[in-house]
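The values are calculated or read from the model by the stated rules, or taken from the named source; none is laboratory data. Keep in mind that this is a model prediction, so the values were computed, not measured. Quick reminder, even Gly has a Cβ in these numbers, built from the backbone with ideal geometry, and neighbours come from all protein chains shown. Surface accessibility is based on the protein's heavy atoms, side chains included, excluding ligands, DNA and RNA. Shrake-Rupley method; radii C 1.70, N 1.55, O 1.52, S 1.80 Å.
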Amino acid sequence: MLRLVLQRLPEVLRAIAPLVGVVCALQVVLVHAPLALFLQFLLGAVLVVAGMVLLFVGIDLGVLPMGRFIGAELPRRRSLWLIVAVAFGLGFVVTIAEPDVLILAEQVQRATDGVLPGRPLSYAIAAGVGLFAALALLRIVVGVPFKWLLAGTYGLMLLLSWWAPPGFVPLAYDAGSVTTGVLTAPVLLALALGLSSVLAGRSAQADGFGLLGLASAGPVFVILLLSLGQG
C-alpha cells in the first residue's frame, strides 16, 4: 500500500500544482483576498492532495480488480438478465456516490431555491447511468457495432434537446458530463474490460471501451424526458 501511495503522490501533485500556482499568482497580482481566506485555500489544497492520493490508492487496490473480476464472472452464469441487472445496479450506486454528481445536485438545488431538489435529481442521473451502462454491456454480449448504437443515441438526444424546455437542456448535458468521475469511470471500465476479456471473439480495445461515452448519455436522456412533462 505504501508503494501505491508513493507512486500516486507525484501524479496528484502534478495535477494539483497548476491550480494552486494560478490561484497564488492571482492572489499576488490581482485579487488580494484576505490572508485568512488564502491560507484556508492552501489548507484545502493540502487536504485535496491527501484525499486524491487515498482515493486513487483505494481504486487501484480494490475497485479495479473487483470490477474486472465481476465483469469476467458474469458470463459464466449464462444469464443475460443478470448481466443487465448487475450493470444497472453498479452504474446506479457508483453514480450516487460520485462527488461531481453530488456537487451538481447541490448547486442546482441552491440555484432554483429548492424547486429542483438535489436528491431526486441525483437519483435521476444515477438511473440514467445505470440504464445506459446496462445497454452498453448488453451491446458487448450481443455484438452490436458501437458506432450504430452511438449514432442512434446521440441522434435521439438532439431531437429531445429540440423539444425539451430551454431551461432543462443545459442542465441535462451538465448532468451527463459529471458522471465520468473518479468513481464511476474506473468501476464501469473495469466491468466492461472484464466482460470483454472472457467472451470469445471480443476485443478489449474495441468492446471494453466506449461504455463511459454511452453511459454519460443516460442522464441527458432521463432529464430531457422528465422535462417534457414540465413544458
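According to the square roots a ≥ b ≥ c of the eigenvalues of the Cα gyration tensor, what is the shape class of the chain, taking rounded for a/c under 1.5, prolate for a/b larger than b/c otherwise, and oblate for the remainder? Don't skip to the answer; put the middle values down first.
Values: a/c = 2.34, a/b = 1.26, b/c = 1.85.
Here the chain falls in the oblate category.
Could you calculate the FRET efficiency of Glu106 with Leu47 from 1/(1 + (r/R0)^6), where r is the beta carbon distance between them and R0 is 22 Å, rounded to 0.05?
Working: r = 19 Å, r/R0 = 0.86.
It comes to 0.70.
Once fully extended, how much extra length lies between Phe209 and Val23, figured as 0.36 nm per residue of separation less the alpha-carbon to alpha-carbon distance? List each step's numbers first, then the result.
Values: separation 186, 0.36 × 186 = 66.96 nm, distance 3.55 nm.
The span from Phe209 to Val23 would gain 63.4 nm if fully extended.
Rounded if a/c is under 1.5, else prolate if a/b is larger than b/c, else oblate: which is the range 117-173, with a ≥ b ≥ c the root eigenvalues of its Cα gyration tensor?
Values: a/c = 4.46, a/b = 1.44, b/c = 3.09.
Because a/c hits 1.5 or more and a/b fails to exceed b/c, the range 117-173 counts as oblate.
In nm, to one decimal, how far is the Leu228 label point from the Glu11 one, both placed 7 Å along Cα→Cβ?
My value for the distance between the label points is 4.2 nm.
Using a 1.4 Å probe over the heavy atoms of the protein chains, calculate the carbon and sulfur portion of the accessible area of the chain as a whole percent. Can you show the working numbers first?
Details: 9300 of 12750 Å².
Of the solvent-accessible surface of the chain, carbon and sulfur hold 73 percent.
How do 95-108, 54-67, 151-164 rank on mean C-beta neighbours within 10 Å, highest first?
Per-residue Cβ counts within 10 Å, averaged per peptide and sorted highest first, yield 95-108, 54-67, 151-164.
Before rounding to the nearest 500, sum -39500 (n - 2.57) across all DSSP H runs of length at least 4 in the chain and divide by the residue total; then give [θ] at 222 nm in deg cm²/dmol. Please list the in-between numbers first.
Details: 12 runs with 177 residues, N = 231.
It comes out at -25000 deg cm²/dmol, rounded to the nearest 500.
Compare the peptides 78-86, 217-225 by average per-residue count of other Cβ atoms within 10 angstrom and give them in order, highest first.
Numbers: 78-86: 14.6, 217-225: 24.0.
Peptide ranking by packing, descending: 217-225, 78-86.
Rounded to the nearest 20 debye, what is the charge dipole size of the range 18-122 about its Cα centre when +1 sits on each Lys and Arg Cβ and -1 on each Asp and Glu Cβ? If you can, show how the numbers build up before the last one.
Working: 6 positive and 6 negative charges, 88 e Å.
In total the dipole reaches around 420 debye.
Pairs of alpha-carbon atoms within less than 8 angstrom and 6+ residues apart define the contacts here; what relative contact order does the range 1-123 have, in percent? Intermediate results must be reported in sequence, preceding the final value.
Numbers: 46 pairs, mean separation 24.5, N = 123.
Relative contact order comes out at 20 percent.
Would you work out which of Gly155, Phe69, Ala172 lies farthest towards the positive end of the dipole of the chain? Charges go on Cβ: Lys and Arg +1, Asp and Glu -1.
Checking the options against the dipole of the chain, the answer is Phe69.
When ligands, DNA and RNA are left out and all protein chains stay put, how many square angstrom of accessible area per residue does the chain have with a 1.4 Å probe? Display every interim value, and only then the final one.
Working: 12750 Å² over 231 residues.
It amounts to 55 Å² per residue over the chain.
Classify the range 61-167 as rounded, prolate or oblate, taking a ≥ b ≥ c as the square roots of the eigenvalues of its Cα gyration tensor: rounded when a/c is under 1.5, otherwise prolate if a/b is larger than b/c and oblate if not. Walk me through the numbers before you get to the answer.
Values: a/c = 2.91, a/b = 1.42, b/c = 2.04.
Oblate.
Round to the nearest 10 and give me the degree value, 0 to 90, for the angle of helix 184-198's Cα axis relative to the longest principal axis of the chain.
30 degrees
Size of the dipole of the range 77-231 about the Cα centre, Lys and Arg at +1 and Asp and Glu at -1 on the beta carbon, nothing else charged, in debye to 20? Present the calculation step by step, with values, prior to reporting the outcome.
Numbers: 7 positive and 6 negative charges, 110 e Å.
It comes to approximately 520 debye.
List the relative contact order of the range 91-224 as a percent without decimals, with contacts defined as Cα pairs under 8 Å and 6+ residues apart.
The normalised contact order for the range 91-224 reaches 39 percent.
Of the options Val53, Leu102, Ile83, report the single residue whose Cα projects farthest towards the positive end of the charge dipole of the range 1-108 (beta-carbon charges: Lys, Arg +1; Asp, Glu -1).
Farthest towards the positive pole: Ile83.
Compute the helix-to-body angle for 2-26: its Cα long axis versus the longest principal axis of the chain, expressed 0 to 90° and rounded to tens.
That helix lies at roughly 50 degrees to the long axis.
Below 8 Å, C-alpha to C-alpha, sequence gap of six or more: please give me the relative contact order for the chain in percent. Please report the intermediate quantities before stating the final value.
Numbers: 279 pairs, mean separation 61.6, N = 231.
Contact order relative to length: 27 percent.
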